[in-house]
1. Test of understanding: among ASP71, ASP42, which residue is of a type in the set (D, E, K, R), surrounded by 14 or more Cβ atoms within 10 Å (Cβ to Cβ) and out of contact with any strand residue (DSSP E or B) (no Cβ under 7 Å at 6 or more places or on another chain)?
2. Among (1) surrounded by 14 or more Cβ atoms within 10 Å (Cβ to Cβ); (2) touching a residue at least 60 places away in the same chain (Cβ under 8 Å); (3) under 18 Å from the mean Cα position of the chain (by Cα), which single condition is VAL159 missing?
3. Restrict the check to region 70-77 and report whether at least one residue is under 19 Å from TRP196 (Cα atoms) and among the β-branched types (Val, Ile, Thr).
4. Kindly evaluate SER153 against the criterion of being touching a Gly at 6+ places or on another chain (Cβ under 9 Å) and modelled with pLDDT of 95 or more.
5. Looking only at region 157-194, count every residue that is within 24 Å of ASP121 (Cα to Cα) and either in a helix (DSSP H, G or I) or not assigned by TED's automatic domain parsing to the domain that holds ALA212 (or both) and tell me the total.
6. Within region 185-222, track down each residue that is at pLDDT 85 or above, aliphatic (A, V, I, L, M) and closer than 20 Å to PRO249 by Cβ.
7. Looking at this structure, is VAL218 over 24 Å from the mean Cα position of the chain (by Cα) and either surrounded by 15 or more Cβ atoms within 10 Å (Cβ to Cβ) or closer than 14 Å to LEU184 by Cα (or both)?
Amino acid sequence: MAVASTGSFGAAAKQCAVSQPGLSGQIQQLESMLELALFERDRRTVRLTEAGIALLPRAQSILAETQSLVDESKALKGPLVGRVRLGAIPTIAPYLLPQALPAVEAAYPQLEVELTEAHTDKLIDQLMRGDLDVLVVALEADLGSSMTLPLFSDDFVAVVPSAHELARRKTIEESELGRAPVLLLDDGHCLRDQVWAVCGRAGAESAGNFRASSLGTVCRMVAGGRGVTLVPAMALEAEAKIDDVSIVPFKAPRPQRTIGLAWRPSSPRADDYGLLGEVLSRFSALGSAES
């Protein structure tokens, strides 16, 4: 599965924490046992054969069931005991988890959290493969067949240059966003789609020649007068409290995203994730534009 997803024996060996010769040898043993070639190999790439394509879903299912056995054994030991592999998106992880994870670990000292940060589509892929156990994501994104638990809402706030006409306002309406180009995160961030859904309703236009990988870059470009943007309330303290920008809340009903947990439908640890969600929900004030 690692070779199939990475297209490289070297990258797969690193992902599996084994040597490349060792991994290659295991693949060869598997092909010999099955009497099938699973991969086409050349100097640059590794591709699945037709047989490999046909058998990959069964391999994914087998490993997912194996992980389910491990998960169920952990659940029998007690609530939130052992390792939990947690995935989070970049527009949540640095703002929620530094405060929330110490509280989780204090409440459940036998829990070991392993954190992975990535875009939503990659996290969902890892979740369904069994490489991750539970995700902290925005529930408006496409989460496939995963089970979800809403935790709290995260308000969007307008961030505008200090000289902009909206900077003098105490609150604004969505319809007023159409007066300046909107700066967005790069493709792959679900927050980009959520922000654009709000701005598109207002008839705004994106700054088409601009793409950024972080909210910090977007806010600093706003400070430089390149346009306006929307930032989730939980990120304001870290990213938008800078010179030459103004933070303007929306009038109710405010545009927002829903922060929640997602996990595989087959996971036996749903009760554990409910307990995890209870602790994370204590930090709902991070998502309030009034906090």
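1. ASP71
2. (3)
3. First, the residues of region 70-77 that are under 19 Å from TRP196 (Cα atoms): none.
There is no residue in region 70-77 that is under 19 Å from TRP196 (Cα atoms) and among the β-branched types (Val, Ile, Thr).
4. Working: touching a Gly at 6+ places or on another chain (Cβ under 9 Å): yes; modelled with pLDDT of 95 or more: yes.
Criteria met by SER153.
5. Looking only at that region, the number is 5.
6. Hits for region 185-222 are LEU191, VAL195, ALA197, VAL198, LEU215, VAL218, VAL222.
7. Considered against the rule, which asks whether it is over 24 Å from the mean Cα position of the chain (by Cα) and either surrounded by 15 or more Cβ atoms within 10 Å (Cβ to Cβ) or closer than 14 Å to LEU184 by Cα (or both), VAL218 comes out as no.
One line per residue, one yes/no per condition, for (1) in contact with a His (Cβ under 8 Å, 6 or more places away or on another chain); (2) not hydroxyl-bearing (Ser, Thr, Tyr):
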site	(1), (2)
CYS190	yes, yes
ASP193	no, yes
SER206	no, no
SER246	yes, no
GLY260	no, yes
PRO265	no, yes
ASP271	no, yes
GLU290	no, yes
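The values are calculated or read from the model by the stated rules, or taken from the named source; none is laboratory data. Predicted model only: the values in this text are computed from it and were never measured. Note: ideal-geometry Cβ built from the backbone for every residue, glycine included; neighbour counts use all protein chains shown.
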